[in-house]
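First comes the structure, then the notes that go with it.
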C-alpha cells in the first residue's frame, strides 16, 4: 500500500534530484542522512517511469519512491 508523503529535495547542477527530508501528514519531519542507491524503473502510467531512492532515515534503510510528480513509501 502506498503512503504519500511530502519530501524536501535537493536539485544538483546536472539536474539530478535527491530527497533530503520526509514530512508526514501530521507534521513530523525526518531527515534523510544518506541516499545509498537510485534506481529508475518503468511504470504503466508514466512514460518517464519512476525512481526508487534507497535512503537511510533514522539509521534504518528505507525505500522512497518518486512517480508521476508524487513521493511515497510502501507500508
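Within the bounds of region 50-58, is there any residue that is loosely packed, with under 13 Cβ neighbours inside 10 Å and either assigned to a strand (DSSP E or B) or modelled with pLDDT of 95 or more (or both)? Please lay out each step first, then the result.
Our first condition is that a residue be loosely packed, with under 13 Cβ neighbours inside 10 Å; within region 50-58, this holds for 58.
Checking the rest, the ones that are also either assigned to a strand (DSSP E or B) or modelled with pLDDT of 95 or more (or both) come to 58.
Yes, region 50-58 contains a residue that is loosely packed, with under 13 Cβ neighbours inside 10 Å and either assigned to a strand (DSSP E or B) or modelled with pLDDT of 95 or more (or both).
Here's the yes/no breakdown for (1) at positive phi; (2) without any contact (Cβ under 8 Å) to a residue 40 or more places away in the chain; (3) in a loop (DSSP other than H, G, I, E, B):
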residue: 5; (1), (2), (3): no, no, no
residue: 10; (1), (2), (3): no, yes, no
residue: 13; (1), (2), (3): no, yes, yes
residue: 27; (1), (2), (3): yes, yes, yes
residue: 30; (1), (2), (3): no, yes, no
residue: 61; (1), (2), (3): no, yes, no
residue: 72; (1), (2), (3): no, no, no
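The values are calculated or read from the model by the stated rules, or taken from the named source; none is laboratory data. Computed from a prediction, not measured in an experiment: that's the story for all the values here. Every residue, glycine among them, receives a Cβ derived from its backbone with ideal geometry; neighbour counts consider all protein chains shown.
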